[in-house]
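Data first, discussion second: the structure below is written as C-alpha coordinates.
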(Lines give C-alpha, C1' and ligand atoms only; values in the text may rest on other atoms or scores of the structure.)
Protein backbone atom coordinates (compact mmCIF):
# COMPACT_ATOMS: atom_id res chain seq x y z
CA UNK A 1 0.00 0.00 0.00
CA UNK A 2 1.17 3.49 -0.80
CA UNK A 3 -0.46 6.73 0.33
CA UNK A 4 0.35 9.83 -1.65
CA UNK A 5 -0.49 12.96 0.28
CA UNK A 6 -2.02 15.81 -1.68
CA UNK A 7 0.91 17.98 -2.73
CA UNK A 8 0.34 18.79 -6.39
CA UNK A 9 -1.21 22.16 -7.12
CA UNK A 10 -4.32 22.47 -9.24
CA UNK A 11 -3.26 23.29 -12.82
CA UNK A 12 -5.10 25.49 -15.28
CA UNK A 13 -5.89 23.55 -18.43
CA UNK A 14 -3.85 24.62 -21.48
CA UNK A 15 -5.57 27.05 -23.85
CA UNK A 16 -4.67 24.78 -26.77
CA UNK A 17 -6.80 21.97 -25.26
CA UNK A 18 -9.74 23.98 -23.86
CA UNK A 19 -12.08 26.89 -24.49
CA UNK A 20 -12.84 28.75 -21.26
CA UNK A 21 -11.42 28.16 -17.81
CA UNK A 22 -10.72 24.54 -16.90
CA UNK A 23 -8.79 23.29 -13.86
CA UNK A 24 -7.15 19.89 -13.47
CA UNK A 25 -6.23 17.95 -10.33
CA UNK A 26 -4.23 14.74 -10.84
CA UNK A 27 -5.79 11.77 -9.04
CA UNK A 28 -3.82 8.72 -10.19
CA UNK A 29 -0.88 7.83 -12.39
CA UNK A 30 -0.03 4.17 -11.92
CA UNK A 31 3.61 3.16 -12.37
CA UNK A 32 4.33 0.53 -15.06
CA UNK A 33 3.15 -2.09 -15.70
CA UNK A 34 -0.05 -0.32 -14.65
CA UNK A 35 -1.25 2.28 -17.08
CA UNK A 36 -4.22 4.00 -15.46
CA UNK A 37 -4.30 7.78 -15.32
CA UNK A 38 -7.08 9.77 -13.66
CA UNK A 39 -7.72 13.49 -13.35
CA UNK A 40 -10.47 15.46 -11.66
CA UNK A 41 -11.39 18.18 -14.15
CA UNK A 42 -13.44 21.28 -13.25
CA UNK A 43 -15.10 23.24 -16.07
CA UNK A 44 -16.52 26.72 -15.57
CA UNK A 45 -19.85 27.48 -17.31
CA UNK A 46 -19.39 27.25 -21.08
CA UNK A 47 -15.88 25.78 -20.85
CA UNK A 48 -15.13 22.73 -22.96
CA UNK A 49 -12.40 20.58 -24.45
CA UNK A 50 -11.23 20.81 -28.03
CA UNK A 51 -12.07 17.88 -30.31
CA UNK A 52 -9.79 15.01 -29.35
CA UNK A 53 -9.30 11.24 -29.32
CA UNK A 54 -7.82 8.72 -26.88
CA UNK A 55 -5.86 5.80 -28.37
CA UNK A 56 -7.11 3.45 -25.63
CA UNK A 57 -10.49 5.10 -25.02
CA UNK A 58 -11.62 7.24 -22.10
CA UNK A 59 -14.21 7.01 -19.35
CA UNK A 60 -15.65 10.23 -17.94
CA UNK A 61 -17.58 10.08 -14.64
CA UNK A 62 -19.54 13.23 -13.82
CA UNK A 63 -19.23 14.19 -10.13
CA UNK A 64 -21.10 17.50 -10.05
CA UNK A 65 -22.90 20.07 -12.16
CA UNK A 66 -24.28 19.64 -15.66
CA UNK A 67 -22.18 18.95 -18.72
CA UNK A 68 -22.33 18.29 -22.42
CA UNK A 69 -20.55 15.78 -24.62
CA UNK A 70 -20.55 14.84 -28.27
CA UNK A 71 -18.90 12.32 -30.55
CA UNK A 72 -18.12 13.55 -34.06
CA UNK A 73 -21.28 13.31 -36.19
CA UNK A 74 -23.56 12.54 -33.23
CA UNK A 75 -25.94 14.63 -31.17
CA UNK A 76 -24.80 16.68 -28.19
CA UNK A 77 -25.76 14.83 -25.01
CA UNK A 78 -26.50 16.34 -21.58
CA UNK A 79 -24.62 14.61 -18.74
CA UNK A 80 -25.29 14.86 -14.99
CA UNK A 81 -23.76 13.62 -11.71
CA UNK A 82 -23.41 9.86 -11.67
CA UNK A 83 -23.42 9.56 -15.46
CA UNK A 84 -20.56 7.60 -17.05
CA UNK A 85 -19.51 8.21 -20.64
CA UNK A 86 -17.18 5.83 -22.45
CA UNK A 87 -15.50 7.20 -25.56
CA UNK A 88 -14.27 4.38 -27.79
CA UNK A 89 -10.56 4.23 -28.75
CA UNK A 90 -9.83 6.91 -31.35
CA UNK A 91 -13.42 8.24 -31.26
CA UNK A 92 -13.31 11.98 -31.98
CA UNK A 93 -15.26 13.81 -29.28
CA UNK A 94 -15.47 16.75 -26.86
CA UNK A 95 -16.96 17.33 -23.40
CA UNK A 96 -17.46 20.28 -21.09
CA UNK A 97 -19.83 22.31 -18.96
CA UNK A 98 -23.30 23.50 -19.88
CA UNK A 99 -23.50 27.21 -20.73
CA UNK A 100 -24.98 28.14 -17.34
CA UNK A 101 -23.50 25.50 -15.01
CA UNK A 102 -20.18 24.35 -13.63
CA UNK A 103 -19.31 20.70 -14.27
CA UNK A 104 -16.69 18.42 -12.78
CA UNK A 105 -15.76 14.92 -13.89
CA UNK A 106 -13.17 12.25 -13.34
CA UNK A 107 -11.35 11.52 -16.59
CA UNK A 108 -9.95 7.98 -16.67
CA UNK A 109 -7.42 7.04 -19.34
CA UNK A 110 -4.90 4.34 -20.03
CA UNK A 111 -1.43 5.55 -20.99
CA UNK A 112 1.82 3.80 -21.81
CA UNK A 113 4.94 4.39 -23.90
CA UNK A 114 3.02 3.62 -27.11
CA UNK A 115 -0.27 5.36 -26.27
CA UNK A 116 -0.53 8.99 -25.14
CA UNK A 117 -3.51 10.05 -23.03
CA UNK A 118 -4.98 12.15 -25.85
CA UNK A 119 -4.46 13.43 -29.37
CA UNK A 120 -5.76 16.99 -29.56
CA UNK A 121 -7.53 18.52 -32.55
CA UNK A 122 -9.26 21.77 -33.42
CA UNK A 123 -11.38 23.73 -30.97
CA UNK A 124 -15.12 23.21 -30.78
CA UNK A 125 -16.60 26.30 -32.40
CA UNK A 126 -19.17 28.50 -30.71
CA UNK A 127 -21.70 27.41 -33.36
CA UNK A 128 -21.01 23.72 -32.68
CA UNK A 129 -21.35 24.29 -28.93
CA UNK A 130 -24.56 26.35 -29.36
CA UNK A 131 -26.24 23.35 -31.02
CA UNK A 132 -26.69 21.77 -27.55
CA UNK A 133 -30.24 20.87 -26.52
CA UNK A 134 -31.95 23.00 -23.86
CA UNK A 135 -30.96 22.02 -20.32
CA UNK A 136 -33.98 20.81 -18.34
CA UNK A 137 -33.74 21.16 -14.59
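Here are the numbers for this structure:
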item: Residue count for segment 68-84, restricted to those that are closer than 18 Å to residue 121 by Cβ and either part of a strand (DSSP E or B) or in contact (Cβ under 8 Å) with a residue 40 or more places away in the chain (or both); result: 5
item: Which numbered condition residue 15 misses (of (1) free of Cβ contacts under 8 Å to residues at least 60 places away in the same chain; (2) in contact with a strand residue (DSSP E or B) (Cβ under 9 Å, 6 or more places away or on another chain); (3) under 20 Å from residue 124 (Cβ atoms)); result: (2)
item: Residue match in segment 115-129 (condition: modelled with pLDDT of 95 or more and touching a helix residue (DSSP H, G or I) at 6+ places or on another chain (Cβ under 9 Å)); result: no
item: Those residues of segment 100-113 which are surrounded by 15 or more Cβ atoms within 10 Å (Cβ to Cβ) and outside any strand (DSSP E or B), in sequence order; result: 101, 102, 111
item: Breaking point among (1) crowded, with 19+ Cβ neighbours inside 10 Å; (2) touching a residue at least 40 places away in the same chain (Cβ under 8 Å), for residue 65; result: (2)
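For every residue, the table says whether it meets (1) over 17 Å from residue 129 (Cβ atoms); (2) surrounded by fewer than 16 Cβ atoms within 10 Å (Cβ to Cβ); (3) out of contact with any strand residue (DSSP E or B) (no Cβ under 8 Å at 6 or more places or on another chain); (4) at pLDDT below 95.
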site	(1), (2), (3), (4)
19	no, no, no, no
42	yes, no, no, no
50	no, no, no, no
61	yes, no, no, no
75	no, yes, yes, no
80	yes, yes, no, no
87	yes, no, no, no
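The values are calculated or read from the model by the stated rules, or taken from the named source; none is laboratory data. Remember, predicted model here, so these are calculated numbers, not experimental data. Note that each Cβ is placed from the backbone with ideal geometry, even for glycine, and that neighbours are counted across all protein chains shown.
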